[in-house]
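Undergrad: Input: one structure, supplied below.
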């Protein structure tokens with residue numbers, strides 16, 4: 001029998017980033033900014049590294065970060081969390097792993113929404129879960145009652161959502177979240193709510209945490225990420241928030257995954273979470289400007305651009321842009337012949353994939369975006385029917 005991980009594929013992000021490095025292409029595939037994050041938060045980490053202990057911090061996280069997370073969500077999302085309901089993890093992906101491994105037993109059904117972040121399905125399978133897929137489709141990626149009713153059963157133990165949704169850049173509305181909450185409650189299930197993009201929403205939209213919905217406070221695991229909030233993706237500082245009945249199993253899984261996270265980065269994340277609302281507004285405004293710059297440049301080059309309500313991403317519709325090539329073939333030609341790395345949307349589906357959408361990351365400097373826009377325009381001229 002082969003080892004469990006032997007047949008797991010390399011992530012699409014790593015594959016396309018490797019292609020970008022090999023070819024010197026502009027990397028609009030993997031979702032990371034080409035800035036170094038807010039200088040005061042970075043300086044807080046450097047100061048903590050020199051002035052504070054570098055030994056093992058508490059397994060659940062340093063007290064000031066747990067307090068900062070609870071206070072941050074009280075101020076920004078009106079959640080009544082206590083520090084004891086926060087567990088600090090080495091990034092949001094570790095939080096996802098801990099939550100999935102602690103809540104599932106083999107044979108439990110798990111409702112997943114595709115397109116889905118690529119870590120979800122391998123982790124569910126690792127835990128012995130049985131995936132039940134809800135397919136979302138462009139251009140609006142809406143969740144419907146009919147699709148939920150086909151996925152939820154009496155055997156549903158967990159549902160996993162991501163809002164704002166990577167890769168579609170859609171933000172789930174209150175009506176969609178209410179539909180999901182109704183079925184989670186009816187199934188007596190737990191919702192793992194991946195909310196790492198919670199502060200990166202645009203056009204006056206407001207992030208809604210499912211934990212705030214009626215009946216969901218005790219059955220939601222809310223996952224957040226300092227890496228996304230502060231544009232410091234390499235720090236890998238995340239957290240899980242849940243009621244006391246859930247934090248016990250979550251912490252026991254966490255202790256045998258990474259156990260703890262760099263204390264200086266935790267201290268800096270605590271500092272950053274206490275920032276005034278002006279920081280978060282300015283961050284959203286800066287990313288919205290980059291989104292609009294890329295979107296407008298692509299449209300001028302003849303590309304059909306899909307709406308982007310949040311995250312670092314926007315997408316183009318190949319078919320509507322006159323490109324009669326599937327997304328994987330297009331991305332291969334784009335990186336090799338035109339010097340831009342992108343992500344094919346079909347990589348985010350486990351079955352019945354959308355094959356005419358390509359995702360691009362706009363969290364880049366203006367000169368990077370402008371160079372990519374010029375190359376994308378050349379690609380469309382060369383490849384359009």
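The values are calculated or read from the model by the stated rules, or taken from the named source; none is laboratory data. If you're wondering where the values come from, they're calculated on a predicted model, not measured in any experiment. Cβ atoms come from the backbone with ideal geometry, glycine included; neighbour counts cover every protein chain shown.
Undergrad: Could you grab me the full set of residues in segment 288-321 that are surrounded by fewer than 18 Cβ atoms within 10 Å (Cβ to Cβ) and in a helix (DSSP H, G or I)?
TA: 288, 289, 292, 293, 296, 299, 300, 319, 320
Undergrad: Restricting attention to segment 221-244, does a residue exist that is assigned to a helix (DSSP H, G or I) and more than 23 Å from residue 35 (Cβ to Cβ)?
TA: Yes, because at least one residue in segment 221-244 is assigned to a helix (DSSP H, G or I) and more than 23 Å from residue 35 (Cβ to Cβ).
Undergrad: Hey, another quick one. From the list 44, 48, 25, which residue is under 28 Å from residue 166 (Cβ atoms), buried (at least 18 other Cβ atoms within 10 Å of the Cβ) and assigned by TED's automatic domain parsing to the domain that holds residue 263?
TA: Values: 48 fails: under 28 Å from residue 166 (Cβ atoms); 25 fails: assigned by TED's automatic domain parsing to the domain that holds residue 263.
That would be 44, the only listed residue that is under 28 Å from residue 166 (Cβ atoms), buried (at least 18 other Cβ atoms within 10 Å of the Cβ) and assigned by TED's automatic domain parsing to the domain that holds residue 263.
Undergrad: Still on this structure, I have one more. Considering segment 291-318 alone, what residues qualify as being touching a helix residue (DSSP H, G or I) at 6+ places or on another chain (Cβ under 8 Å) and either under 18 Å from residue 168 (Cβ atoms) or free of Cβ contacts under 8 Å to residues at least 24 places away in the same chain (or both)? Please lay out each step first, then the result.
TA: Here is the first cut: in segment 291-318, the residues touching a helix residue (DSSP H, G or I) at 6+ places or on another chain (Cβ under 8 Å) are 293-294, 297-298, 300-305, 308, 312, 314-316, 318.
Of everything in segment 291-318, those that are touching a helix residue (DSSP H, G or I) at 6+ places or on another chain (Cβ under 8 Å) and either under 18 Å from residue 168 (Cβ atoms) or free of Cβ contacts under 8 Å to residues at least 24 places away in the same chain (or both) turn out to be 294, 298, 303, 304, 305, 308, 312, 314, 315, 316, 318.
Undergrad: If I ask for residues that are surrounded by fewer than 16 Cβ atoms within 10 Å (Cβ to Cβ) and not in a helix (DSSP H, G or I), which ones from segment 268-282 would you list?
TA: If the condition is that a residue be surrounded by fewer than 16 Cβ atoms within 10 Å (Cβ to Cβ) and not in a helix (DSSP H, G or I), then 274, 276 are the ones that fit.
Undergrad: Can you find a residue that is within 19 Å of the chain's Cα centre (by Cα), more than 27 Å from residue 91 (Cβ to Cβ) and not assigned by TED's automatic domain parsing to the domain that holds residue 122 anywhere in segment 293-309?
TA: yes
Undergrad: Ok, one more. Just to be sure before I move on: is residue 285 on the phi < 0 side of the Ramachandran plot, in contact with a strand residue (DSSP E or B) (Cβ under 6 Å, 6 or more places away or on another chain) and either crowded, with 23+ Cβ neighbours inside 10 Å or not in a strand (DSSP E or B) (or both) in the structure I sent?
TA: Here the answer is no, as residue 285 does not meet what is asked.
Undergrad: So residue 208 clears everything in (1) in the same structural domain as residue 371 (by TED's automatic domain parsing); (2) in a loop (DSSP other than H, G, I, E, B); (3) under 20 Å from the mean Cα position of the chain (by Cα) except one condition, right? Which one?
TA: (1)
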